Amino acid sequence: MPNKPTIILVHGFWGGAAHWSKVIVGLAGKGYQSVYAVENPLTSLADDAERTRKMIAQQKAPVLLVEHSYGGAVITEVGDQPNVVGLVYIAAFAPDAGESPGSITARHPPGAIANLTPDSDGYLWAKQDKFHESFCQDLTADEALVMAVTQKAPVASTFEDKITAPAWKKKPSWYQISSQDRMISPENERWMAERLGARKIITLDASHASLASMPHEVIALIDEAAIATVS
């Protein structure tokens, strides 16, 4: 495919850029030579949006933003940059103006909400002994252990940070629903996907960690979006 867009991958809560490892390898195999994975601080929506905005600004080529989980709120906030050509949501939040991940979660609380716990510094953790069943029940126990131990906890108040001007009202979008998601209710994902007016919606029989458990299907959706943005 000529003129492939640059792909910027944005992680969510309880994980970092390495959660995209299988997707990164698969995209390279499809000939994508310009792929970046942002490492956001997860300290506030403003901080995460600014870090992602700086990454976008460094790119000369058109940018396709791909995001997982809370990362969807980040690209919704920052994705209206002129060189951004599309948004791909992977089991992700896609809030409207005035909404936050927390307000959307309250519509249909997810199955694993009881397995999140704050610490005395204000960070919100997924309990290590519940991580496998909560976040990635379709991965191996070893993979889940690594994710649990290396998880990147957000500042809990970030859940309530509100979107100002949603980029999905200006940019084309694609959405992947995880039907076995225990971190974001699948009902909420379906509602957000339909509200986006996404060009394509796919549903995978996957956990919240679909980017790791079903990477080939996730890569195929990203590739389809990339082709659409340059055709």
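Arranged from fewest to most other beta-carbon atoms within 10 Å of their beta carbon, D138, D48 become D138, D48. Name the most mobile residue of P172, P186, P82, meaning the one with the largest mean-square fluctuation, in a Gaussian network model of the chain with Cα contacts below 10 Å. Greatest mean-square fluctuation among the candidates belongs to P82.
Remark: the range 107-117, residue by residue, has Karplus-estimated 3J(HN,Hα) of 4, 9, x, x, x, 9, 4, 5, 9, 9, 9 Hz, where x stands for each Gly or Pro and the curve is 6.51 cos²θ - 1.76 cosθ + 1.60 at θ = phi - 60°. In order along the range 199-204, the phi-based Karplus estimate (6.51 cos²θ - 1.76 cosθ + 1.60, θ = phi - 60°) of 3J(HN,Hα) comes to 5, 8, 10, 10, 10, 10 Hz; Gly and Pro are listed as x.
Let me check I've understood the local charge: for R53, count other residues with C-beta under 12 angstrom from its C-beta, Lys and Arg +1, Asp and Glu -1. What total comes out? Cβ neighbours under 12 Å give a net charge of -3. Taking amide H as placed 1.01 Å from N in the peptide plane, S34 has its amide H under 5 Å from the amide H of I7, each at least 5 places away in sequence or on another chain.
Classify the range 6-230: rounded, prolate or oblate, from the alpha-carbon gyration tensor (a ≥ b ≥ c, eigenvalue square roots; a/c under 1.5 rounded; otherwise prolate if a/b is larger than b/c)? It comes out rounded by the Cα gyration axes. Kindly identify the range 115-231 as rounded, prolate or oblate by the Cα gyration tensor criterion: order the square roots of the eigenvalues as a ≥ b ≥ c, call it rounded if a/c is under 1.5, otherwise compare a/b with b/c, prolate if a/b is larger, else oblate. Here the range 115-231 falls in the oblate category. For the range 84-178, the list of trypsin sites (Lys or Arg not before Pro) that fall in a loop by DSSP and count at most 15 other C-beta atoms within 10 angstrom reads R107, K127, K170. Round to a whole angstrom and tell me the spacing of the C-alpha centers of the range 1-59 and the range 140-160. Here the two parts' Cα centres lie 18 Å apart. Taking Q137, Q176, Q58 as the candidate residues, the one with maximal mean-square fluctuation in a Gaussian network model of the chain, Cα springs under 10 Å, is Q58. A simple count of charges around W125, restricted to other residues whose Cβ falls under 13 Å of its Cβ and scoring Lys, Arg +1 and Asp, Glu -1, yields 0.
Listing S210, S34 from the residue with the fewest other Cβ atoms within 10 Å to the one with the most, what is the order?
Listing S210, S34 from fewest to most nearby Cβ atoms yields S34, S210.
I'd like to know which of P110, G86, A17 lies farthest towards the positive end of the charge dipole of the range 6-230, counting +1 on Cβ of Lys and Arg and -1 on Cβ of Asp and Glu. Of the options given, the answer is G86. Within the listed set A114, A126, A91, the Gaussian network model of the chain (springs between alpha-carbon atoms below 10 Å) gives the highest mean-square fluctuation for A114.
Here the range 37-132 is assigned +1 on the Cβ of each Lys and Arg and -1 on the Cβ of each Asp and Glu. Its dipole about the Cα centre then comes out at about 220 debye. For the residue pairs K127/K171; K130/K200; K60/K200; K22/K54; K4/K54, the alpha carbons lie more than 29 Å apart in K127/K171; K130/K200.
Each Lys and Arg Cβ is given +1 and each Asp and Glu Cβ -1; about its Cα centre, the range 154-231 then shows a dipole of about 400 debye. When every Cα-Cα distance of the range 48-137 is counted in 5 angstrom steps from zero, the calculated P(r) takes the values 3, 12, 18, 20, 18, 13, 10, 6, 1 percent. Shape call for the range 117-181 from the C-alpha gyration tensor, a ≥ b ≥ c root eigenvalues: rounded (a/c under 1.5), prolate (a/b greater than b/c) or oblate? In terms of gyration-tensor shape, oblate. When +1 charges are put on Lys and Arg Cβ atoms and -1 charges on Asp and Glu Cβ atoms, the dipole computed for the chain relative to its Cα centre reaches about 760 debye.
Here S185, S21, S69, S120 are placed in order of increasing Cβ neighbour count within 10 Å, fewest first, which gives S120, S21, S185, S69.
No lab work stands behind these numbers, since they all come straight from the coordinates. This structure is a prediction, so every number in the text was calculated from the model and none was measured. Here Cβ is always computed from backbone atoms with ideal geometry, including for glycine, and neighbour counts include all displayed protein chains.
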